[in-house]
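Novice: Can you keep this structure in mind? I'll have questions shortly.
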Amino acid sequence: MIADPILAATNLSRAFRLRSGLFAQAQSIQALDGVSVTIAAGEAVGLAGESGSGKSTLAAILLGLDRPDAGNIQLAGRDIVEYGRLARARMIQPVFQDPYSSLNPRHRIHDIIAAPLVIHSLATGGVLSQKVQSIADLVGLGRSMLQRYPHELSGGQRQRVAIARALILEPRIVICDEPTSALDVSVQAQILNLLSDLQSELGLSYLLISHDLAVVSQLCTRAIIMREGKLVEEGSVDRVFGQPQEAYTARLRDAVLEVPSHG
Ligand SMILES: Nc1ncnc2c1ncn2[C@@H]1O[C@H](COP(=O)(O)OP(=O)(O)OP(=O)(O)O)[C@@H](O)[C@H]1O
Ligand SMILES: [Mg+2]
């Protein structure tokens with residue numbers, strides 16, 4: 001048990017109804033099935049599991065982008081349903097896998113990073129630009145980048161933009177859903193180092209979703225493993241990946257270690 005968690009989700013469930021044809025019986029997928037998660041202030045928790053195990057569904061619900069059928073979420077001791085949009089945005093923010101599709105192609109980088117401040121009328125003019133410049137500095141994005149458009153940036157630079165936009169409201173928790181999966185290996189390491197530096201500088205809490213257990217073990221101290229909407233294993237990263245209790249976890253770990261042969 002974590003004494004004073006920044007995030008405490010209890011018994012979250014979410015089903016999706018699927019209808020295959022006009023007269024077909026509606027089928028239901030239990031994407032989340034009684035999942036509980038806690039994250040301490042300043043802690044990085046990794047979430048792994050096979051494709052379709054419910055990781056992104058959990059992320060969407062924790063972010064308030066989707067509602068659970070059952071269960072509740074406490075952020076800093078208050079129920080998430082009591083938060084208004086701004087209060088929630090100041091508490092928890094996402095960084096998604098593909099920085100290209102999540103950045104508006106017609107807006108300059110400056111305006112993309114500034115958007116959360118503009119939408120909530122929190123800053124204008126010189127103060128706004130000042131804040132955008134300092135967050136660009138923080139994530140290692142050259143100031144000359146601010147006048148460019150997303151297509152004029154590299155994948156790694158675009159993910160820095162997504163991180164800057166997530167941080168501009170100074171949230172306490174960042175949910176990263178496969179944040180490095182779309183990037184080259186060398187760039188992946190830079191982004192992971194950045195996330196790690198930001199965690200210690202800002203005292204951020206992370207939920208880091210990755211199918212790559214190496215990514216989880218680089219950034220996180222605790223790991224949770226999901227399968228078919230359920231949490232099947234939880235513990236320190238060293239224990240979960242070193243001595244997994246579930247054969248499923250061992251398979252996940254070994255699958256990543258298998259290097260495909262070329263030629
Ligand atoms: N909007 C939706 N409507 C219907 N089914 C959905 C919806 N979103 C997710 N699902 C289903 O719920 C299950 C969990 O999906 P989810 O996206 O959470 O998996 P995931 O663990 O993030 O997988 P991946 O590693 O491939 O990203 C899957 O079976 C998926 O098909
Ligand atoms: Mg997903």
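The values are calculated or read from the model by the stated rules, or taken from the named source; none is laboratory data. Everything quoted here is computed from the prediction, not taken from an experiment. Ideal geometry is used to build each Cβ from the backbone, glycine not excepted, and the neighbour counts take in all protein chains shown. With ligands, DNA and RNA removed, areas are computed over all heavy atoms of the protein, side chains included. Shrake-Rupley method; radii C 1.70, N 1.55, O 1.52, S 1.80 Å.
Novice: On full extension of the chain, what length is gained from residue 121 through residue 186, given 0.36 nm per residue of separation minus the C-alpha to C-alpha distance?
Specialist: Fully extending the segment from residue 121 to residue 186 adds 19.6 nm.
Novice: Still on this model: Given a 1.4 Å probe and every protein chain left where it sits, what share in percent of the accessible area of the range 80-137 is carbon and sulfur?
Specialist: 51 percent
Novice: Only sites in a loop by DSSP and with at most 10 other Cβ atoms within 10 Å count here; which trypsin sites (Lys or Arg not before Pro) in the range 74-134 make the cut?
Specialist: Within the range 74-134, the qualifying trypsin sites (Lys or Arg not before Pro) (loop, at most 10 other Cβ atoms within 10 Å) are 106.
Novice: Here's a follow-up. Relative to the longest principal Cα axis of the chain, at what angle does helix 155-167 sit, 0 to 90 degrees, rounded to 10?
Specialist: Once rounded, the angle reads 90 degrees.
Novice: How many Å² of accessible area per residue for the chain, probe 1.4 Å?
Specialist: Accessible surface, normalised per residue, equals 50 Å².
Novice: Modelling each spin label as a point 7 Å along the Cα-to-Cβ direction, I'd like the residue 16/residue 230 distance in nm, to one decimal.
Specialist: So the label points at residue 16 and residue 230 sit 2.1 nm apart.
Novice: Could I ask something else about it? Would you work out the Kirkwood radius for the range 103-171? I mean one over the mean of 1/r across all pairs of different Cα atoms, in Å.
Specialist: Here the Kirkwood hydrodynamic radius works out to 11.7 Å.
Novice: Give me the one-decimal nm value for the distance between modelled label points at residue 246 and residue 29, 7 Å along each residue's Cα-to-Cβ direction.
Specialist: Each label point lies 7 Å from its Cα, and together they span 1.8 nm.
Novice: Here's another thing I want to ask about it. How large is the Kirkwood hydrodynamic radius of the chain, in angstrom, based on all distinct alpha carbon pairs?
Specialist: 19.4 Å
Novice: Another question, if that's okay. Can you tell me the 0 to 90 degree angle between the C-alpha axis of helix 109-119 and the longest principal axis of the chain, rounded to 10?
Specialist: 80 degrees
Novice: How high is the relative contact order of the chain? Use alpha-carbon pairs under 8 Å, at least six apart in sequence, and give a whole percent.
Specialist: Here the relative contact order equals 26 percent.
Novice: May I ask you to give the percent of accessible area on the range 146-263 that is carbon plus sulfur, with a probe radius of 1.4 Å?
Specialist: Carbon and sulfur: 47 percent of the exposed surface of the range 146-263.
Novice: Leaving out ligands, DNA and RNA, what percent of the accessible area of the range 1-79 is carbon and sulfur, probe 1.4 Å?
Specialist: For the range 1-79, the apolar C and S fraction of the accessible surface comes to 49 percent.
Novice: If we sort 227-237, 244-254, 43-53 on the protection proxy, mean other Cβ atoms within 10 Å, highest first, what's the order?
Specialist: The peptides rank, most packed first, as 43-53, 227-237, 244-254.
Novice: In whole percent, what relative contact order does the range 103-171 give with Cα contacts below 8 Å and a gap of six or more residues?
Specialist: Relative contact order for the range 103-171 comes out at 48 percent.
Novice: Report for the chain the percent antiparallel among DSSP-assigned beta bridges with both residues inside it, nearest 5.
Specialist: 55 percent
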